[in-house]
Amino acid sequence: MTQLHSTDHLRQLPSLAGLCSLERAVAQGAAKPNGDLAWSVEHSTERLKRLHYVLKRLCETLTAWIPSEPIYELKTLFSHHAYLCAEQVELLRRRVSEMREPPLGLDRIPHAGLEMLLDEIIAAPTTQERLWGIYSIALPAVLEACTRLQSDAHPLADAPTVRVAKLIHFELSEALSVGQACLEALVDDERRSELGTWSSELQQCLTAAGQLDGTRPAAVSLPAARYSSEPFVFSSEPQRDERFQDSFNAGVNPEAFLYDERFSAQDKTLMMHYKRLRELDVPEMMASILVELREQEPWEFHYEMTRQMWDEARHAMMGEVGFASLGIDWTQIPINFTWSRNLNAQLDARERHGVLFFIEQGLMPRTGKRYEWEVGLASGQPLSGLFQDFDWADEVLHAQIGRRWYVPRYSSLNQALEYGDKCWSKVLSHWREYREQGLTEHRNWWPELYSLACERWGKTPDPAAMAFAETYESSRADLQKLE
Ligand SMILES: [Fe+2]
Ligand SMILES: [Fe+2]
């Protein structure tokens, strides 16, 4: 038999399964000059726990800002970045649980400096300060800690930790550059210099903690609290920026149009774009569930619900893209926000969760998400078919999340559904009151939008579709009649 490999060839093979050179693996294990071990399970766990604490707090912070943040792009960005933080928290928890440590230790606050840093950021009063705190101070500190963890952890013995640090760095670097682009757009030089003092105070919190990962000497004391002297108060009332007009308008009932057999699939895609964009109210509502049940539900609940919250923000952006594909400016259409506004004001977190589950479960039968997908496919608008395909898949996931985290609180699925339905029924829509108070005239915006779309499609409007004028005055989005 011929020798397939000469020893020379074998010597050229990458060592240690591609982790690092033998030299580095030997050198990284040498004791420090003072005789301490260079790396240990304890070292690794301590760093992972610090990252875990900060990323979990950042996830909670971004979530808590979603309703009160008026700017559309930031509301969706916060939903995205809260989700990304949740994914990193999940990675870190899994790694810590592999390190002979009970996961219980994850609830400990690793250092008062880190606690104060995050208390200050969440309590920051303006959008500019909030962006600054996250994208100019906290997130860069997270990336720095990940870089150091990648180089300090033993590349062979602690390879799983190195991988976690690498993945977090990879995903959050992108989040950081997007956040910094927001700072570029919204914080000018003058404002930056005004933020200088607070910025140094936040840096001082990090210095006091020996940096995020505790690897630097910590000789300074904590600064005086600027924004965190009073505990942060969550505001669940949804705010929208000035591009949103007539947000109380409930003068068009898209579901009534969608399920009306007289209308064409193509015309229905327009109502589906509207329905998707209106879903911006779902993250606003879900954020309030997450904030209010923070202490009452385990991490796994928050992890899955944060994913769902991000999906809903994505659905809203699909609507935005749908309108963009037709060259229609969505800001000309009243995007209603009274669902999240009323639910957040009138129900508690458990009741809101009931309504969410009831609605999402109602999307599962043939008339729900599958129907929307079929309409999209039949419409001759490939983008609508594509979006509805993924929207449906996401909603199946959400119904499963509800079955894991909502239904088990009730004696049966039916009872869980009845409770959700009952909670939704007790929400007052204030349809007439809004009109009487002059908040909206419930103007029928449909014919205007429809004729514009027909122009873009190059088709003659269908007179029956043009005449559509059903409102939400006496029915809910599931077409249940209101008393
Ligand atoms: Fe959705
Ligand atoms: Fe959903």
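The values are calculated or read from the model by the stated rules, or taken from the named source; none is laboratory data. Since this is a predicted model, take the numbers as computed values, not measurements. When we count neighbours, we look across all protein chains shown, and the Cβ atoms used for this are built from the backbone with ideal geometry, even at glycine.
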Go through region 303-337 and count every residue that is under 17 Å from Glu372 (Cβ atoms) and not acidic (Asp, Glu).
10
Exactly one of (1) in the same structural domain as Trp457 (by TED's automatic domain parsing); (2) closer than 30 Å to Ser200 by Cα is unmet by Met271. Its number?
(2)
It is to be established whether one or more residues within region 100-118 are closer than 23 Å to Met286 by Cβ, of a type in the set (A, V, I, L, M, F, W, C) and in contact with a Pro (Cβ under 7 Å, 6 or more places away or on another chain).
no
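Restricting to region 15-33, name every residue that is modelled with pLDDT of 90 or more and part of a loop (DSSP other than H, G, I, E, B). Talk me through it step by step, then tell me what you get.
First pass over region 15-33, keeping only residues modelled with pLDDT of 90 or more: 15-30.
Matches in region 15-33: Ser15, Leu19, Cys20, Ser21, Gln28, Gly29, Ala30.
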In region 69-96, residues that are within 27 Å of Gln245 (Cα to Cα), assigned to a helix (DSSP H, G or I) and charged (D, E, K, R) total 2
Please give the number of the condition Val396 fails out of (1) within 16 Å of ligand 2 (Cβ to nearest atom); (2) crowded, with 16+ Cβ neighbours inside 10 Å; (3) aliphatic (A, V, I, L, M).
(2)
All but one of (1) within 18 Å of Gln400 (Cβ to Cβ); (2) at pLDDT below 95 hold for His315; state the number of the condition that does not hold.
(2)
Name every residue in region 314-323 that is within 16 Å of ligand 2 (Cβ to nearest atom) and not basic (Lys, Arg), in order of residue number.
His315, Ala316, Met317, Met318, Gly319
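Okay, residues lined up against (1) surrounded by 13 or more Cβ atoms within 10 Å (Cβ to Cβ); (2) at pLDDT below 95; (3) of a type outside the set (Lys, Arg):
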position	(1), (2), (3)
Trp431	yes, yes, yes
His442	yes, no, yes
Leu449	yes, no, yes
Leu452	yes, no, yes
Trp457	yes, no, yes
Ala464	no, no, yes
Phe468	yes, no, yes
Asp478	yes, yes, yes
Glu483	no, yes, yes
Looking only at region 291-300, decide whether some residue is assigned to a loop (DSSP other than H, G, I, E, B), in contact (Cβ under 8 Å) with a residue 24 or more places away in the chain, within 16 Å of ligand 1 (Cβ to nearest atom) and not small (Gly, Ala, Ser).
no
Is there a residue being of a type outside the set (Asp, Glu) and either within 13 Å of ligand 2 (Cβ to nearest atom) or closer than 15 Å to Asp394 by Cα (or both) anywhere in region 324-333?
no
Among helices (runs of 4 or more DSSP H) entirely within region 374-483, at least 1 residues that are free of Cβ contacts under 8 Å to residues at least 40 places away in the same chain and over 30 Å from Phe301 (Cβ atoms) occur in 382-405, 431-436, 446-457, 463-466
Looking at region 311-327, I want the residues that are more than 9 Å from Arg276 (Cα to Cα) and have a partner that is within 11 Å of ligand 1 (Cβ to nearest atom) and of a type in the set (D, E, K, R) with Cβ atoms under 6 Å, at least 6 apart or on another chain. Which pairs are those?
Asp311/Asp394
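Okay, residues lined up against (1) on the phi < 0 side of the Ramachandran plot; (2) surrounded by 14 or more Cβ atoms within 10 Å (Cβ to Cβ):
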{"site": "Gly210", "(1), (2)": "no, yes"}
{"site": "Ala218", "(1), (2)": "yes, yes"}
{"site": "Ala224", "(1), (2)": "yes, no"}
{"site": "Glu230", "(1), (2)": "yes, no"}
{"site": "Phe234", "(1), (2)": "yes, yes"}
{"site": "Pro238", "(1), (2)": "yes, yes"}
{"site": "Phe244", "(1), (2)": "yes, yes"}
{"site": "Ala250", "(1), (2)": "yes, yes"}
{"site": "Asn253", "(1), (2)": "yes, yes"}
When region 10-25 is examined, which residues are found to be free of Cβ contacts under 8 Å to residues at least 12 places away in the same chain and surrounded by 10 or more Cβ atoms within 10 Å (Cβ to Cβ)?
Ser15, Ser21, Leu22
Answer yes if at least one residue in region 407-420 is farther than 25 Å from Leu363 by Cβ and either modelled with pLDDT of 95 or more or not β-branched (Val, Ile, Thr) (or both), and no otherwise.
no
In this structure, does Tyr274 turn out to be within 22 Å of Trp392 (Cα to Cα), of a type in the set (Ser, Thr, Tyr), in a helix (DSSP H, G or I) and away from ligand 1 (no atom under 16 Å from the Cβ)?
no
Gly327 vs (1) within 16 Å of ligand 1 (Cβ to nearest atom); (2) at positive phi: all pass except (1)
Of the residues that make up region 300-311, is at least one more than 14 Å from ligand 2 (Cβ to nearest atom), assigned by TED's automatic domain parsing to the domain that holds Val396 and over 30 Å from Leu106 (Cβ atoms)?
no
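Might you check whether a residue that is part of a helix (DSSP H, G or I), within 30 Å of the chain's Cα centre (by Cα) and closer than 30 Å to Val96 by Cα occurs anywhere in region 211-223?
no
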Yes or no: Gly354 more than 15 Å from ligand 1 (Cβ to nearest atom) and crowded, with 18+ Cβ neighbours inside 10 Å?
yes
For Gln381, are the conditions met, namely being more than 23 Å from Phe244 (Cβ to Cβ), more than 13 Å from ligand 1 (Cβ to nearest atom) and surrounded by fewer than 19 Cβ atoms within 10 Å (Cβ to Cβ)?
no
